[in-house]
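*Asks:* I'd like to ask some things about the structure below.
The values are calculated or read from the model by the stated rules, or taken from the named source; none is laboratory data. Here the structure is a predicted model, which is why all the values come from computation and not from measurement. All Cβ positions, glycine included, derive from the backbone under ideal geometry; neighbour counts span all protein chains shown.
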Amino acid sequence: MTQKIPTQDRSPNPVKINPDDEFDLYAKRKKIHPRTVKGFFQNIRNVSMSGMLLAYFLLPWLMWGDRQALLFDLPHRQFNIFGLTFAPQDFFFLSWMLIMGAFGLFVVTVFAGRVFCGYVCPQTTWTRVFMWIEKITEGERNARIKLDKADVSAVKIGRRIAKHSLWLVVALATGFSFVGYFTPIRDLANDFISGNLGGWGYFFIGLFTVFTYMNAGWLREQVCFYMCPYGRFQSVMFDKDTLIISYDHERGEPRGALKQSTAEDPLGDCVDCSLCVQVCPTGIDIRDGLQFQCIQCAACVDACDTVMDKLNKPRGLVRYTTESILEEHKPYHWLRPRLVGYSAVFVAVFILFVYALAIRVPLTVEALRDRSSMYRENSEGMIENVYTLRILNKGQVPHTYTVAVESEAGITLLPVSNVEVQPGELYSLPVTLQANPAELHKTKYEVEFKVKAVDVADISKETKTSFLGPHN
Ligand code: SF4
Ligand code: SF4
């Protein structure tokens, strides 16, 4: 006999469907007007999100020596991160950083669920800022609902203009700062104000301004529902001991208004005030169970705690807990295979990364052949090849370098002075190799340039290229 698995519509606005009716699969978005809530977890969010915003807006202005501390300088193909310079050849480090970040996130998710989403995610943070602006320009939840329904009036237009103008100011500051991570921000600011930025600069600032305005102002929870991959795959990382925000069914049900509760027929602790739903930025009812839309912002926890305080009942009807505590009344488990596994990989990758960073040579050398001629013959009949050596000092102090060449067939380097290269500087040094044509028996020889710091031991790099001559 075929068994049907019972299902329940957990969507924010469940729709009753008659299978015989024709219906539209497109569900229109219902605008959410979250009520402001105060409480312990919202205070933590205020701190974490303020830190996030301060870091985002101030970091590009921070200097490290005479360089921008964080600069992903794409035109010059180098990343400056707190005094360290990374070239494209260091892509390996970027990959390790991403792997480390991914496993760090896995560990946090297995342990505390979507705490990243609720407390530091940029989408949640900027949306919260935009909601705060909405509140100061259009009022609290009820005032906003009323304003939405009201006919067009001078007050309505004025409030809307104020809201969108402030949104645009924040979005512009966000877009500008974002581009400031890729272009020296002080020059960017001067050029932006003086109108000398150039088309691409204005284009990218405009693009990220629109992006922020749309995501935080208009799309909001839709980004979490439909665009964020993390929101979708995090559920596979959950186990029964992952911290989640949950409603205590045993304690709360049957729900109902306080006055309906009698000695013979007592109700649970949930007075069905719907405050937990009104404060939810994603518009869900936590009493329906764990839902993928929940970003674990804990607004419902703080809201319900205030209700419980007023009713002189213990807090925690909606709280951080785990499935095994709630359903099986088991104590919290620390030692779980997933948590241990992800933590072990994270620690291993972190140690490898630090080790690789410690033994990294802070120098990159590249030899570019002169493309205008394969070789030339000088007045004494010697064959010459011309190159440009690109020397990038990836350290935190200036260094003086000497250049040597290793080759065969008597290929020698014409004398070249030592060069001093500043931290993060890419120095282009023209050099010439020379050979006696009588000693050249092939048209192509492999040569190796060796660049070595003269002021400190153990900093040297080699780069190979070819020496071309006439065919004998
Ligand atoms: S805030 Fe608490 S008491 Fe009110 S409906 Fe939600 S769970 Fe029930
Ligand atoms: S259900 Fe609670 S924790 Fe989840 S998003 Fe809504 S308010 Fe935040």
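*Asks:* Can you spot a residue in the range 248-269 that is closer than 30 Å to Val340 by Cα, in the same structural domain as Gly118 (by TED's automatic domain parsing) and either surrounded by 15 or more Cβ atoms within 10 Å (Cβ to Cβ) or more than 14 Å from ligand 2 (Cβ to nearest atom) (or both)?
*Replies:* Checked against the condition, which is being closer than 30 Å to Val340 by Cα, in the same structural domain as Gly118 (by TED's automatic domain parsing) and either surrounded by 15 or more Cβ atoms within 10 Å (Cβ to Cβ) or more than 14 Å from ligand 2 (Cβ to nearest atom) (or both), the range 248-269 yields at least one hit.
*Asks:* Another question, if that's okay. For the structure I just gave you, tell me whether Val345 is surrounded by 13 or more Cβ atoms within 10 Å (Cβ to Cβ), away from ligand 2 (no atom under 16 Å from the Cβ) and assigned to a helix (DSSP H, G or I).
*Replies:* Taking the combined requirement at face value, the residue satisfies it.
*Asks:* Note down all Cβ pairs under 6 Å where the first residue falls in the range 260-275 and is free of Cβ contacts under 8 Å to residues at least 12 places away in the same chain, the second is more than 6 Å from ligand 1 (Cβ to nearest atom) and assigned to a loop (DSSP other than H, G, I, E, B), and they're at least six residues apart or on different chains.
*Replies:* Ser261/Leu267
*Asks:* Let me ask something else. For Arg315, state whether it is without any contact (Cβ under 8 Å) to a residue 12 or more places away in the chain, within 11 Å of ligand 1 (Cβ to nearest atom) and under 30 Å from Val107 (Cβ atoms).
*Replies:* yes
*Asks:* Could I ask something else about it? Only one of Ala358, Ala344 is within 30 Å of the chain's Cα centre (by Cα), hydrophobic (A, V, I, L, M, F, W, C) and within 30 Å of Ser428 (Cβ to Cβ); which?
*Replies:* Criteria check complete, one pass: Ala358.
*Asks:* Please name all residue pairs, on different chains or six or more residues apart, with Cβ atoms under 6 Å, provided the first residue is in the range 276-300 and is within 14 Å of ligand 1 (Cβ to nearest atom) and the second residue is at pLDDT 95 or above and basic (Lys, Arg).
*Replies:* Gln278/Arg35; Val279/Arg35
*Asks:* Out of the residues in the range 272-286 meeting the condition of being near ligand 2 (Cβ under 9 Å from one of its atoms) and farther than 21 Å from Glu134 by Cβ, tell me which one is surrounded by the most Cβ atoms within 10 Å (Cβ to Cβ).
*Replies:* Ranking the candidates gives Ile286 first.
*Asks:* Taking the options Ser324, Ser407, name whichever one is out of contact with any Leu (no Cβ under 9 Å at 6 or more places or on another chain) and either crowded, with 16+ Cβ neighbours inside 10 Å or in contact (Cβ under 8 Å) with a residue 60 or more places away in the chain (or both).
*Replies:* Matching residue, one of Ser324, Ser407: Ser324.
*Asks:* Please identify the pairs in which a residue from the range 359-381 that is touching a residue at least 60 places away in the same chain (Cβ under 8 Å) has its Cβ atom under 6 Å from the Cβ atom of a residue that is of a type in the set (Gly, Ala, Ser), counting only partners at least 6 apart or on another chain.
*Replies:* Pro362/Gly395; Thr364/Ala87; Tyr375/Gly469
*Asks:* For residues that are closer than 13 Å to Cys300 by Cα and among the charged types (D, E, K, R), tally how many sit in the range 26-61.
*Replies:* 2
*Asks:* Among (1) more than 9 Å from ligand 1 (Cβ to nearest atom); (2) at pLDDT 95 or above, where does Lys259 come up short?
*Replies:* It is condition (2) that Lys259 fails.
*Asks:* Then there's this: Surrounded by fewer than 18 Cβ atoms within 10 Å (Cβ to Cβ) and either within 17 Å of Val107 (Cα to Cα) or of a type in the set (Asp, Glu) (or both): does that describe Gly289?
*Replies:* Answer is no for this residue.
*Asks:* Filter the range 328-339 for residues that are surrounded by 13 or more Cβ atoms within 10 Å (Cβ to Cβ) and under 35 Å from the mean Cα position of the chain (by Cα); which is modelled with the lowest pLDDT?
*Replies:* The qualifying residue modelled with the lowest pLDDT is His333.
*Asks:* Of everything in the range 249-268, what is in contact with a Cys (Cβ under 7 Å, 6 or more places away or on another chain) and outside any loop (DSSP other than H, G, I, E, B)? Give them in sequence order.
*Replies:* Passing the criteria: only Gly252.
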